[in-house]
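Notes to accompany the following structure.
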Amino acid sequence: MVYFLAELGLVNYETTIHYCPSKLAASAVYAARCTFKKTPLWTETLKHYTGYSEDQIMYHFFSDSFVPKF
């Protein structure tokens, strides 16, 4: 699921090029965990290994600049 979501983000290349690959990967993990209703959505282990807090991921995930403009 994470690979699919990460690849799906590449469809809008002009948007994704402005973000660090690590942040895109972490956002894909977060989206997959939301899809499968994993709790907690973001653990201390994920924070440790990605370097991103849930707040940082949420900001990226729901940022206006991340939403594709058609």
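The values are calculated or read from the model by the stated rules, or taken from the named source; none is laboratory data. As the structure is a prediction and not an experimental result, all values here were calculated from the model. Positions of Cβ are generated from backbone atoms using ideal geometry, with glycine treated the same way; all protein chains shown enter the neighbour counts.
Residues that are of a type in the set (S, T, N, Q) and modelled with pLDDT of 85 or more: find the helices (runs of 4 or more DSSP H) completely inside segment 1-67 holding 3 or more of those.
21-35
Within segment 12-45, can you find the residues that are free of Cβ contacts under 8 Å to residues at least 12 places away in the same chain and either under 16 Å from Tyr59 (Cβ atoms) or among the β-branched types (Val, Ile, Thr) (or both)?
Thr16, Ile17, Cys20, Cys34, Thr39, Thr43, Thr45
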